[in-house]
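Trainee: Okay, handing you the structure first.
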Amino acid sequence: MAKRPTMIDIGERAGVSQATVSLVLNRVANARVAEATRLRVLEAAEALGYRKGPQHHVPENKIRVIGLLIDEVTTTPFATPFIEGAREEAALQDVVVATFSTRGDPKLEALALDMLLQHQIIGVLYTSLITRPAEPPERLRDVPTVMVNCYDEKRAYPAVLPGDVTGAYAATEALLKAGHRRIAHLAGENWIEAAQDREKGYRQALASWDVPVDESLIMRGGWTIHGGRELTQQLLDQPNPPTAIFAFNDRMAVGAYDALRNRGLRVPDDMSIVGFDDEDTSVYLEPPLTTVLLPHEEMARWAVGALLDEQLPAASPRRIKIECPLIERGSVGPVPVRAADE
């Protein structure tokens, strides 16, 4: 019997990620997929003879359950897309996702695995709220496993991660395209891997546009609204302040809005701002914040699809990066006249 085409095959043919294929074929509501991309995916699916639905292969000796182990479920919004993305993707194939919040505690992970592994489950999603290296329990070596938002240094497991570098590049380039050259970066705490990657993307965008990096415009030391406010105040006190800011996350961008408002300045008339994460609050700012989508839902969907489609290689597991698309709203404008005349 010929190998049944998978969403990964469709993505390769259409030139898009498996997550994008999933959003199109499953008709996910509010998916940010361009019409041209949607048509390209559908054409690739038709050409390959893909049929969504019961053709996902679940071996007869397996129960239709996937375990999701996540280290934290906090008051931040970031855990929900992981859980809901996995749940919705699995439900399309009548598969249940059993979620366990373990705090990264080996004892709690062991208890969760005791419950899961007494049955012949489909596999496990080993998930972290913060992008980081991790060491899954040894017992997962004998279970189909995908690491979500984390990875093991030895590459023993396939992993799906956000494309933070390219997302930050797109955010910075949006400001460059608007004419800005003095672009500040409100950087996250240096121990956070996403902060390192987003600063790297910022630097790469400036280099690609032949704009020298001004180290005095890179402000490190926070990820909160308060941190964004304090760092923006310091930028405004400089003799030659920036005309635009790329913030590590939306919370720091909110702080930047506050600092500007306190000085009687407006976004984007006096300062353009781009955030990262696309938190729910970003659309309610005045003006709404241009930001970068953190694709946690798409990552979880990819991971479930990989388990169901049995795309877990025996050797040299891959690390998949899911695109972080730019969401353009109203916080980016041209260079202020004051700066253009200097």
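Trainee: Would you work out which of T224, P295, P334 lies farthest towards the positive end of the dipole of region 204-342? Charges go on Cβ: Lys and Arg +1, Asp and Glu -1.
Mentor: Among T224, P295, P334, the one farthest towards the positive end of the dipole of region 204-342 is T224.
Trainee: Sticking with this one: Let's see if you can work this out: charge +1 on each Lys and Arg Cβ, -1 on each Asp and Glu Cβ, no other charges. What is the dipole magnitude of region 70-173 about its Cα centre, in debye to the nearest 20?
Mentor: The calculated dipole for region 70-173 is roughly 180 debye.
Trainee: Another one. Using helices alone, I'd like the mean residue ellipticity at 222 nm for the chain: each DSSP H run of four-plus residues gives -39500 (n - 2.57), total over residue count, nearest 500.
Mentor: Values: 11 runs with 127 residues, N = 342.
The helix contribution divided over the chain gives -11500 deg cm²/dmol.
Trainee: In debye to the nearest 20, how big a dipole does region 151-287 give about its Cα centre with +1 on each Lys and Arg Cβ and -1 on each Asp and Glu Cβ?
Mentor: Using only the charged Cβ atoms, the result is roughly 300 debye.
Trainee: Need the full-extension length gain, R132 to R220, defined as separation in residues times 0.36 nm minus the C-alpha distance. One decimal, nm.
Mentor: Full-extension gain reported as 29.7 nm.
Trainee: Label points 7 Å out from Cα along the Cβ direction at F78 and V211: separation in nm?
Mentor: Simple spin-label model gives 2.6 nm for this pair.
Trainee: Now a separate question. Using a 7 Å offset from the Cα along the Cα-to-Cβ direction at both T281 and R318, what is the distance between the two label points in nm, to one decimal?
Mentor: Each label point lies 7 Å from its Cα, and together they span 3.7 nm.
Trainee: Can you send over the solvent-accessible area of M219, 1.4 Å probe, protein chains only, in Å² to the nearest 10?
Mentor: Approximately 20 Å² for this residue.
Trainee: Another question, if that's okay. Compute a Gaussian network model of the chain, connecting alpha carbons closer than 10 Å, and tell me which residue from L125, L68, L116 fluctuates the most.
Mentor: L116
Trainee: To continue, here is another question. Where the centroid of each part is defined by its Cα atoms, how far is region 139-180 from region 195-224 in Å?
Mentor: So the two Cα centres are separated by 18 Å.
Trainee: Are there any trypsin sites (Lys or Arg not before Pro) in region 187-264 that are in a DSSP loop and have at most 16 other Cβ atoms within 10 Å? List them by number. Working shown, then result.
Mentor: On the way: sites: R198, K200, R203, R220, R229, R251, R261, R263; in loops: R220, R263.
Within region 187-264, the qualifying trypsin sites (Lys or Arg not before Pro) (loop, at most 16 other Cβ atoms within 10 Å) are R220, R263.
Trainee: Next question. Roughly what would the spin-label model give for E35 and D258, points 7 Å off Cα along C-beta, in nm?
Mentor: 4.2 nm
Trainee: Could you order F100, F246 by accessible surface area, starting with the largest, using a probe radius of 1.4 Å?
Mentor: Accessible-area ranking of F100, F246, largest first: F100, F246.
Trainee: Which order do W191, W223, W302 take when ranked by solvent-accessible area (1.4 Å probe, heavy atoms of all protein chains), largest first?
Mentor: W191, W223, W302
Trainee: Rounded, prolate or oblate for region 199-255? Axes are the square roots of the Cα gyration tensor eigenvalues, ordered a ≥ b ≥ c, and the cut-off for rounded is a/c under 1.5.
Mentor: Taking the square roots of the gyration eigenvalues as a ≥ b ≥ c, region 199-255 is oblate.
Trainee: Under unit Cβ charges (Lys, Arg +1; Asp, Glu -1), what dipole magnitude, rounded to 20 debye, does the chain have relative to its Cα centre?
Mentor: Charge dipole of the chain: 580 debye, to the nearest 20.
Trainee: Here's something else I'd like to know. Find which of P77, L161, W191 sits farthest along the positive direction of the dipole of the chain, computed with +1 on the beta-carbon of Lys and Arg, -1 on that of Asp and Glu, about the Cα centre.
Mentor: About the Cα centre, the residue reaching furthest to the positive side is L161.
Trainee: Below 8 Å, C-alpha to C-alpha, sequence gap of six or more: please give me the relative contact order for the chain in percent.
Mentor: Values: 657 pairs, mean separation 63.7, N = 342.
The normalised contact order for the chain reaches 19 percent.
Trainee: Taking a ≥ b ≥ c as the square roots of the eigenvalues of the Cα gyration tensor of region 81-165, is the shape rounded (a/c under 1.5), prolate (a/b larger than b/c) or oblate?
Mentor: Oblate, because a/c is 1.5 or more while a/b does not exceed b/c.
Trainee: Heads up, I need the accessible area for K177: 1.4 angstrom probe, whole protein in place, Å², nearest 10.
Mentor: Answer for K177: close to 140 Å² accessible.
Trainee: Counting other Cβ atoms within 10 Å, keep those with at most 11, restrict to DSSP loop, and tell me which chymotrypsin sites (Phe, Trp or Tyr not before Pro) in region 252-286 are left.
Mentor: Working: sites: Y257, F276, Y284; in loops: F276.
Listed in order of number, the matching sites amount to none.
The values are calculated or read from the model by the stated rules, or taken from the named source; none is laboratory data. Bear in mind the structure is a predicted one, so any value in this text is a computation, not a measurement. Virtual Cβ from ideal backbone geometry, glycine too; neighbours counted across all protein chains shown. These accessible areas exclude ligands, DNA and RNA; they are computed on the full protein's heavy atoms, side chains included. Shrake-Rupley method; radii C 1.70, N 1.55, O 1.52, S 1.80 Å.
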